[in-house]
Each structure stands twice: as structure tokens, then as C-alpha cells.
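Participant: I have a structure here, written as C-alpha cells, and I will follow up with some questions on it.
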């Protein structure tokens, strides 16, 4: 081989390796031969909801949608996503598009959300974080093999071992969508959506990506690989039409905290608007926004379930927690501007947490539902 040819080949190899290195190190790039474009902050992440006649009831919250929207959700199954609520993770993306949201402390007084989707879409969701066993137990109430999206999870041997439980119940590698087992671009890191954030708060996905991956790679749509529908044995909660304006109450503010020493940043206030019959969320004294919409989170019904909290004592330095969400307890329901004392019940892993007054299941307002899992003994002011 001539020296000239050798030199040319060396230059070509150098240029190729330099290009690969640049692309790998670039936060906005995904690979030399990829044409995938990572969603950016300029995209609001909200898929358009069809505005046709609202004749179809969402099975998760009773909200009314068009037949076009129903045709979408009838091809998929419930999707639960673990979303962080650390100060550095706010404002989150995609929370307002969830049908139902649960909130509980993950560790160290920092809360986390389990956002459950079926009837609406959000093309940007996050930051996505790790699994917790009590969220897993709550999600099991949403029919056969609900999808669970998360980034790793508690895995210290002991009662809080979420990843171990996922394997034990047969979800691992099937309806469990752990980011470590799901390739890019279903999950991706966006370092620009929340500037100056640490890496652990940069993982995002979208309902379209997660449902598409489940359908293609796991053969999970509204039916599973054995042709069983996800809702064959699913019984929705009970719902009602919202109260007329003249029948609405005057309980306009609800407030509580999770851990007293972290009340400044993680206290919650729900402010009631009588005209819209909705509750807007304030977190740590600041309006809690959805970054996709750039508007405050707004829900129709707020449930506070008082649940026994205890340390897992599994040796994990951060302090894994346990919440006894299987069983029964007391709580509060806030809707239509009124406060009601309730009891809650979840009879086993696969049943849904339900709410009762004097032994009869409560009828919740149709629309978005937020369920606060609050440590037993905490004060709820209203």
C-alpha cells in the first residue's frame, strides 16, 4: 500500500472517529446514523384531544370524551408512570394529562407521583424516576397487566424490594417498562427542558412511545399475548355528574404536609374555584405547573387517604418506606366545594383502592382524580 493511500485512509478514519466522539458527547445528539429528533422545550408535549361530541366515559375517572378519543384508548391498556417531585424536577411534564394521580413520599420527605394514563395522551412525560412497592400495589388494581414505566427501582432485599416484587408477580420483561430494559428512543434524556438539573431528573418519555413499545415489543395492546382483555375483570369506581353551581359548598382551601421537617418545600394546598368546580394545586407555596401546558394542575376530586407509614429497615442508606395501602383506613374527600370524611379499602394486591361513606361506595365527580397518600396522624386543614 502506498504512503499516499495510507495517509488518506488515516485521515478518513480520524474524521469518522472525531465525528462519532462529537456526536456521543453532544447532549442533543443520539448517534451518527440516527434521524430521531429528541423532543425539546419548544414542544408542549400535549397531544390534541378530539373535540367531537362527548358521549364516551373514560373507565378510569368517568371523564367524557368523543368516540374518536375512545377509539384510541380501546386499543391500549392503563399505563402507570413514576414521576419525580423533587424541587429540581419541577415543573413536571404530562401530569395534567393523567386520568388519576397518586402522591406519596418516596424517601427523605420527598414525594413522588404514580400518574395513570389511558384516555388522554402526553407526548412528553417526566422526569421519570424509580419504582416503589406501594405504587406497584396501587397500580395492580388497574386490570390485567397494566404497563408500569420507571427507571430502576428499590431493590434492596426486604419488604420494600419493588424490582423483586415485579419479578415475583410476573411483570418483569412483559408489562413492566423499566428503562434499563427498554431501548432508546422510548426513553431519552433531555438536558434542556429543565435547565441546570442533575442527570437523575432528565429522563423523559411519552405515552405514545410507551404504548407503541408495549404493542410492538411486548404484544400488549388492549389484549395480552393470550388474547385476554385488560378490563375483563376490571370494575371502575363510581362516578356522578358534578354539582350545580347553587349546590356547591364553600370549602375553598385544603392544606397538609407529608413530613413536618420538609413542609416548606413539600406542603400541599388545593384551592377551590367554585365557578369551574375545580381544585388548583400549590406545592411548597408555589403554583404547581405542568410544563407542557404552562398552567397549574387542576383536578375535579381530591382524596386524602390516611395510611400507616413505616421504615423498611432494609439497610438502604436513603431509607426506603412502606405504606400499608392494602387494607383499610380513614380519609377525606373534597369535591363540589365540600369536605366529607370517608373510609378507604383495598382488599388485596389486585383490587382497586375504593372509597366509602357509611358503607356505601362514594360517587366521585367525573373527571381528573388526585389521590394523596398521607401518613396516618397527619393533620388535614380545611
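The values are calculated or read from the model by the stated rules, or taken from the named source; none is laboratory data. Here the structure is a predicted model, which is why all the values come from computation and not from measurement. Note that we place each Cβ from the backbone using ideal geometry, even for glycine, and neighbour counts take in every protein chain shown.
Participant: Considering only segment 293-323, state which residues are within 30 Å of residue 164 (Cβ to Cβ) and without any contact (Cβ under 8 Å) to a residue 24 or more places away in the chain.
Facilitator: Residues satisfying the conditions are 310, 311, 317.
Participant: Continuing with this model, one more query. State whether one or more residues within segment 152-161 are under 17 Å from the mean Cα position of the chain (by Cα), surrounded by fewer than 18 Cβ atoms within 10 Å (Cβ to Cβ) and touching a residue at least 12 places away in the same chain (Cβ under 8 Å).
Facilitator: Looking through segment 152-161, at least one residue is under 17 Å from the mean Cα position of the chain (by Cα), surrounded by fewer than 18 Cβ atoms within 10 Å (Cβ to Cβ) and touching a residue at least 12 places away in the same chain (Cβ under 8 Å).
Participant: Looking at residue 235, is it touching a helix residue (DSSP H, G or I) at 6+ places or on another chain (Cβ under 7 Å), closer than 29 Å to residue 57 by Cα and part of a loop (DSSP other than H, G, I, E, B)?
Facilitator: no
Participant: Another question, if that's okay. Tell me, yes or no, whether segment 183-202 has at least one residue that is at positive phi, part of a loop (DSSP other than H, G, I, E, B), at pLDDT below 95 and surrounded by fewer than 14 Cβ atoms within 10 Å (Cβ to Cβ).
Facilitator: Yes.
Participant: I'd like to know if segment 84-93 contains one or more residues that are closer than 19 Å to residue 348 by Cβ and touching a strand residue (DSSP E or B) at 6+ places or on another chain (Cβ under 7 Å). Even if it seems obvious, please write down each step before you answer.
Facilitator: Quick first cut of segment 84-93, residues closer than 19 Å to residue 348 by Cβ only: none.
The answer is no; no qualifying residue exists.
Participant: Can you tell me which residues in segment 78-92 are within 11 Å of residue 110 (Cα to Cα) and within 13 Å of the chain's Cα centre (by Cα)?
Facilitator: 84, 85 - these are the residues of segment 78-92 that are within 11 Å of residue 110 (Cα to Cα) and within 13 Å of the chain's Cα centre (by Cα).
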